[in-house]
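Heads up, the thing below is written out as structure tokens.
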Amino acid sequence: FVVLILSLVVLRAVRVCNGSRLKMMYYSRSCPSVHFIVRNITWNNVAANPSLAAKLLRLHYHYCFVRFDMEGAMDRISQLPELMEGAMDRISQFVAPDLEAIPPPRHQVRNLDLRVYTNQEEPAVSTAEKFQEYQKMSARVGFFILLVSFVLLGVTKVCDAGLLSKNFYQKSCSQAEKLVRDITRNKTQTDSTLGAKLLRVHYHDCFVKGCDASILLDRVGTNLSEKEARPNLSLSGFEVIDDIKSQIEKVCPGVVSCADILALAARDSVSFPSKEPVWDVLTGRRDGRISLASEANGNLPSPFSDFNTLKQLFARKNLTVNDLVALSGAHTIGVAHCGAFSRRLFNFTGKGDTDPSINATYAESLKKQCPNPANPATTVAMDPQSSLSFDTQYFTTLNQNKGLFQSDAALLTDRVSAKIVKQLQVPKDFFSEFGKSMKKMGAMEVLTGNAGEIRKNCRIVN
């Protein structure tokens, strides 16, 4: 019973995360959190029950040495998450017919002696008798079934990104993506900075509670919303999302989420000069109902961060060092306020000094643009060579020690990330890696299915 449960769970997890072959880090892109989830749930349970390690190891041994015919169970796999919610009795009802449908002779133990596991001399037993032992053991392993259930539900929840798809609205609102693209391009024609603005809003949305458009919500009562958190006060472009949402609601009311509109508009605004999408955007997100300023500070990358801080923050979001460097390439467009980097120029260690890692000529240029004390209204191009062009110039400039933020310069302090910085100076490599990383970021903690809602107005919940 337990073995079959584990088989069903494994097959279901494989199906959810689109797996088909064994290899290290198989889920690194489709479901990067799976190892983290299994490890944490298992560790928590082992802490409460130290004998669990031996139990699970033995269970794994027995599972691997016994081969089951799963034909009768395959058509039921897709029902597993729903049946899990019905607790133990419903799981038993689900699996029992499949167990009964498999005759014992088809359960073949390979030519191994069970004495390996027990270290005891035991008489040889028939395959049928061994199968009966497994059936009897099922009454004692409810805990294991529940544990596996929790693991599966956790995997399914995090792997909801797999429910995102291309052309999600093809049947429900076929013109949705074209409307977003056309309106965004019209807006970008009159505001060449829109790409940087919307891309930054999309970043800040995804890093706090996932890509659920919570950054777009206005405050409710006295509770400050995400957009009112200090790191978000300089965000702009919200009115563009409002306009797109208004137009889409006229033709497809209550269908297209604000989260998808933001993800698409960010891509389309950045892609406008090239007329070709810089990265693919999967759709199917739903909108969150909660937006709190208090949740922003600890989740957003800071321009003052060192490499280890950045690496740890990205790791918490299941993003790698490669993702960190690739996504930092977004700094090739847009501007920054002087306060985000003035400390590097005038008081780096608290002694009135300049950050020694910054190019001296570049530092003097910045001091002229941002004299001390910093004027909060003054802005400086993040990429001094091409702040309106989405290209690889950021990485070239960074290798010249002309990164604007301390967090930019930090990428050169680690051997691995410094190597990636050099690699991404090649346009083909950068656009490829940036696209992959944007796809991962855009799938972080997304709400899908019946979770969340489809807002009628992106600024307020329904």
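Could you tell me which residue of region 286-299 is modelled with the lowest pLDDT, considering only residues that are part of a loop (DSSP other than H, G, I, E, B) and open to solvent by less than 10 Å² (accessible area, probe 1.4 Å)?
Selected residue: Ala296.
I'd like to check something: does region 423-445 contain any residue that is in contact with a strand residue (DSSP E or B) (Cβ under 7 Å, 6 or more places away or on another chain) and either charged (D, E, K, R) or closer than 18 Å to Asp260 by Cβ (or both)?
Within region 423-445, not a single residue is in contact with a strand residue (DSSP E or B) (Cβ under 7 Å, 6 or more places away or on another chain) and either charged (D, E, K, R) or closer than 18 Å to Asp260 by Cβ (or both).
Would you please name the residue that is nearest to the chain's Cα centre (by Cα), looking only at residues in region 265-284 that are surrounded by fewer than 24 Cβ atoms within 10 Å (Cβ to Cβ) and not in a loop (DSSP other than H, G, I, E, B)?
Only one residue tops the list, namely Thr283.
Tally up the residues in region 163-185 that are open to solvent by less than 70 Å² (accessible area, probe 1.4 Å) and outside any helix (DSSP H, G or I), please.
Number satisfying all stated conditions: 5.
Say we look at region 395-448 and pick out the residues that are closer than 27 Å to Pro277 by Cα, part of a loop (DSSP other than H, G, I, E, B) and not aliphatic (A, V, I, L, M); which of these is most open to solvent (accessible area, probe 1.4 Å)?
Glu445
Among the numbered criteria (1) within 30 Å of Gly288 (Cα to Cα); (2) buried (at least 19 other Cβ atoms within 10 Å of the Cβ), which one does Cys370 miss?
(1)
Would you mention how many residues in region 320-349 are within 28 Å of the chain's Cα centre (by Cα) and not in a loop (DSSP other than H, G, I, E, B)?
From region 320-349, those within 28 Å of the chain's Cα centre (by Cα) are 320-336, 340; that's our starting set.
Subset that is not in a loop (DSSP other than H, G, I, E, B): 321-332, 335-336, 340.
Qualifying residue count, region 320-349: 15.
Select from region 224-254 the residues that are of a type in the set (Lys, Arg) and under 24 Å from Asp191 (Cα atoms) and write down the one among them that is surrounded by the most Cβ atoms within 10 Å (Cβ to Cβ).
Result: Lys245.
Please determine whether any residue of region 373-394 is over 18 Å from Phe348 (Cα atoms), open to solvent by less than 10 Å² (accessible area, probe 1.4 Å) and under 24 Å from the mean Cα position of the chain (by Cα).
Within region 373-394, not a single residue is over 18 Å from Phe348 (Cα atoms), open to solvent by less than 10 Å² (accessible area, probe 1.4 Å) and under 24 Å from the mean Cα position of the chain (by Cα).
The values are calculated or read from the model by the stated rules, or taken from the named source; none is laboratory data. Small disclaimer: the values here were computed from a predicted structure and weren't measured. Every residue, glycine among them, receives a Cβ derived from its backbone with ideal geometry; neighbour counts consider all protein chains shown. The area values use the complete protein model at the heavy-atom level, side chains included, leaving out ligands, DNA and RNA. Shrake-Rupley method; radii C 1.70, N 1.55, O 1.52, S 1.80 Å.
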